[in-house]
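One structure is given here, and the rest of the page talks about it.
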Amino acid sequence: MNMRTKDFTTPAACTNLEWWRSAVIYQIYPRSFADSDGDGIGDLPGITAKLPYLGRLGIDAIWLSPFYLSPQADAGYDVADYRVVDPLFGTLDDFDRMLEQAHALGMRVIVDLVPNHTSDEHAWFQAALQSPPGSAERARYLFRDGKGAHGNLPPNNWQSVFGGNAWSRAPGDSQWYLHLFDRRQPDLNWDHPDVRSEFEDVLKFWLDRGVDGFRVDVAHGLVKAPGLPDWAGQAAMVEGTEGGDDNPGPMWDQEDVHEIYRSWRRLLDSYPGERMMVAEAWIAPQARLTRYIRPDEMQQAFNFDYLLTHWDAAEIKAVVDSSLAASAAVGAPTTWVMSNHDSVRHTSRYGLSKPGARPKGIAADGEQPDEALGLRRARAAAFLTLALPGSAYIYQGEELGLPEHTTLEAHYRQDPAFFRTNGEEIGRDGCRVPLPWLADAPSFGFGPSEKSWLPQPENFARYAVDRQEGVYGSTLELYRQLLQLRHDYKLGNGQLRWQSGDSSDVLSFDNGTLCTVINLGMRPVTLPPGRLLLSSEQRDASGRLPGNAAAWLALR
Ligand code: GLC
């Protein structure tokens, strides 16, 4: 077991190497990670039981998607009480135990903060619905009178990210309220002092319990343009740049949002132990995104440009360069993300005929990825991601090479985006399927019963942890070796130097004394001089690296 112990109180000033600059952070989607009680939904005790597994993997921190009290209209991203653990996931004591054990194993813990909207079951929204137009209770949300003679038309033309209108009315209510996501996720009014002070209190609540940071949901959405003007674009997360790079729309990336993060940063800095924030902000170009990680704001932002990159050497090189340059300009680390709970798993994206395309879910009647090719590319991509300087994110199951569930039947789907678009958008359920731990057990060992909140496809047996643990060349063992070498060679704190490859399909770079070669083409290539440390596939008889494969070499 990896028993690295860490001193979580080292002041940043002494090291100038704050942990988050180079950390490998593992995303846990609690409802799908491990189920301790057999109800088919993962929970906090399930996570605690698997912490030694994560310790052995060699990650630095975990980030937990929401586990707070919620009617689960958007899988917990609709929070009814920010200080209460939903009974689905356990209790606050379970959380404290999990946190303590993670820390004892040398892992930090980041929790999700959802400040753009609450659940419609939040006490504030319930009070707002029971109060008249113009009341103080309504002022915490974005209630407006409708347009048209009888106010029967929405106040503006904004569309929800999940499809359909961004405004709804409660039955019998004369006013409309804004929801950039589901109608059960009313947007908060961030001009209201109650909202600001409440979230500072929520931050303190979790900081006092000892969390090491926050992943800030929809960080670019909190502040809306004054007057909520009409906008011709579609409010989307991924295509957030549709309105042109400089005009993401009046609901995104407003200047005043930054003051919120400056105040949060002051709060975090008043705590010992390098607490951090990472922004989920789907904005472009990188120069706009890095405004969220200026020295007095957040520490990291997810690099979605990298996630969106196709399996193409020139494209990847360009994104790596622009990401490194943009973050260096503000003195922040770059992050590298390939998958998360909102995107088709990259193992499957890389197996599509346009490898790396990002469909909004895959269903049985859509193009089915080439599973073996996608896996092969995903294994190679791990060599790239984990060799780059900065911080890397791993989405649960990625270390197993787990594919998307691409044939989930419609009646199992739960993503509100599927329903709000009448199935036009397949949605995100396929990347959220419970993990396989044991190939031959009910629910593939996800829990003690056969229950699993989404059915697992049969091919998950091949990817189960017990099929890979200790198996030379398995994706799990590959990740363990990569993470160990990344740690030993201090790649996260290193510097990238491109080397010229012998083909336009090859990327090759040094980071310190480690050289990475990725062959994105089909033809084998000769490796540069150096001692081979690890490769994603066997070399051929002439020692060449085959297509869709990668290698790490020691230069000394
Ligand atoms: C973020 C979350 C996503 C959620 C949305 C609304 O994008 O990652 O899962 O649906 O915010 O909270």
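Applying the set (1) in contact (Cβ under 8 Å) with a residue 40 or more places away in the chain; (2) outside any loop (DSSP other than H, G, I, E, B); (3) closer than 23 Å to Ala381 by Cα to Arg467 leaves exactly one unmet item: (1).
Of all residues in segment 61-76, those being touching a Ser or Thr at 6+ places or on another chain (Cβ under 8 Å) and either open to solvent by 10 Å² or more (accessible area, probe 1.4 Å) or outside the structural domain of Gly447 (by TED's automatic domain parsing) (or both) number 4.
For the residues Ser452, Ser504, the requirement of being open to solvent by 80 Å² or more (accessible area, probe 1.4 Å) and either closer than 21 Å to Ala387 by Cα or not in a helix (DSSP H, G or I) (or both) singles out Ser504.
Taken over segment 360-374, the criterion of being out of contact with any Asp or Glu (no Cβ under 8 Å at 6 or more places or on another chain) and surrounded by fewer than 23 Cβ atoms within 10 Å (Cβ to Cβ) is satisfied by Ala363, Asp365, Gly366, Glu367, Gln368, Asp370, Glu371, Ala372, Leu373.
Here the condition is being closer than 22 Å to Leu324 by Cβ and out of contact with any His (no Cβ under 8 Å at 6 or more places or on another chain); of Leu476, Leu507, it holds for Leu507 alone. It is to be established whether one or more residues within segment 384-407 are surrounded by fewer than 17 Cβ atoms within 10 Å (Cβ to Cβ), assigned to a loop (DSSP other than H, G, I, E, B), modelled with pLDDT of 95 or more and more than 16 Å from the ligand (Cβ to nearest atom). Among the residues of segment 384-407, at least one is surrounded by fewer than 17 Cβ atoms within 10 Å (Cβ to Cβ), assigned to a loop (DSSP other than H, G, I, E, B), modelled with pLDDT of 95 or more and more than 16 Å from the ligand (Cβ to nearest atom), which makes the answer yes.
Results for (1) open to solvent by 50 Å² or more (accessible area, probe 1.4 Å); (2) under 21 Å from Trp20 (Cα atoms); (3) at pLDDT 90 or above, shown as yes or no for each residue.
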site	(1), (2), (3)
Gly243	no, no, no
Gly249	no, no, yes
Val257	no, no, yes
Arg266	yes, yes, yes
Ala281	no, yes, yes
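Of all residues in segment 440-449 being in a loop (DSSP other than H, G, I, E, B) and open to solvent by 10 Å² or more (accessible area, probe 1.4 Å), which is nearest to the ligand (Cβ to nearest atom)? Lay out the reasoning, then the answer.
Filtering segment 440-449 down to residues in a loop (DSSP other than H, G, I, E, B) leaves 440-441, 446-449.
Filter again for open to solvent by 10 Å² or more (accessible area, probe 1.4 Å), leaving 440-441, 447-449.
Details: Asp440: 32, Ala441: 29, Gly447: 23, Pro448: 28, Ser449: 26 Å.
It comes out as Gly447.
Is there any pair with a first residue in segment 43-58 that is open to solvent by less than 40 Å² (accessible area, probe 1.4 Å) and a second that is hydroxyl-bearing (Ser, Thr, Tyr) whose Cβ atoms are under 7 Å apart and which are 6 or more apart or on different chains, and what are they? Close Cβ pairs satisfying both conditions: Asp43/Ser36; Gly46/Ser36; Leu54/Tyr26; Leu57/Tyr479.
Here is a yes/no grid of residues against (1) in the same structural domain as His103 (by TED's automatic domain parsing); (2) away from the ligand (no atom under 13 Å from the Cβ); (3) touching a helix residue (DSSP H, G or I) at 6+ places or on another chain (Cβ under 6 Å):
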site	(1), (2), (3)
Arg169	no, yes, no
Gln175	no, yes, no
His179	no, no, no
Trp190	no, yes, no
Phe205	yes, yes, no
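Hey, among Asp39, Asp86, which residue is acidic (Asp, Glu), in the same structural domain as Trp336 (by TED's automatic domain parsing), surrounded by fewer than 24 Cβ atoms within 10 Å (Cβ to Cβ) and in contact with a strand residue (DSSP E or B) (Cβ under 8 Å, 6 or more places away or on another chain)?
On the way: Asp39 fails: in contact with a strand residue (DSSP E or B) (Cβ under 8 Å, 6 or more places away or on another chain).
Result of the check over Asp39, Asp86: Asp86.
For residues that are in contact with a Pro (Cβ under 9 Å, 6 or more places away or on another chain) and within 20 Å of Tyr292 (Cα to Cα), scanning just segment 330-348, find the one that is farthest from the ligand (Cβ to nearest atom). Before you say what the answer is, go through the steps one by one.
First, the residues of segment 330-348 that are in contact with a Pro (Cβ under 9 Å, 6 or more places away or on another chain): 330-334, 344-345, 347-348.
Subset that is within 20 Å of Tyr292 (Cα to Cα): 330-334.
Working: Val330: 23, Gly331: 26, Ala332: 21, Pro333: 21, Thr334: 20 Å.
Here the residue is Gly331.
Just name the residue that is nearest to the chain's Cα centre (by Cα) out of those in segment 293-309 that are under 18 Å from Ala392 (Cα atoms) and of a type outside the set (A, V, I, L, M). Ranking the qualifying residues of segment 293-309, first place goes to Phe302.
Tally up the residues in segment 148-168 that are assigned to a loop (DSSP other than H, G, I, E, B) and under 25 Å from Ala417 (Cβ atoms), please. Reasoning before the result, please.
Of all residues in segment 148-168, those assigned to a loop (DSSP other than H, G, I, E, B) come to 148-152, 154-158, 160-164, 166.
Then keep just the ones that are under 25 Å from Ala417 (Cβ atoms); that gives 154-158, 160-164, 166.
The qualifying residues number 11.
Any idea which residue in segment 148-167 is surrounded by the fewest Cβ atoms within 10 Å (Cβ to Cβ), counting only those that are among the aliphatic types (A, V, I, L, M) and more than 16 Å from the ligand (Cβ to nearest atom)? Walk me through it before giving the result.
Of all residues in segment 148-167, those among the aliphatic types (A, V, I, L, M) come to 149, 153, 161, 166.
Still in the running and more than 16 Å from the ligand (Cβ to nearest atom): 149, 153.
Numbers: Ala149: 7, Leu153: 14.
Filtering segment 148-167 for residues that are among the aliphatic types (A, V, I, L, M) and more than 16 Å from the ligand (Cβ to nearest atom), the one surrounded by the fewest Cβ atoms within 10 Å (Cβ to Cβ) comes out as Ala149.
The values are calculated or read from the model by the stated rules, or taken from the named source; none is laboratory data. Note that the structure is predicted; figures quoted are calculated from it, not measured. We place every Cβ from the backbone using ideal geometry, glycine too, and count neighbours over all the protein chains shown. We work out accessible area using only protein heavy atoms, side chains counted, and drop any ligands, DNA or RNA first. Shrake-Rupley method; radii C 1.70, N 1.55, O 1.52, S 1.80 Å.
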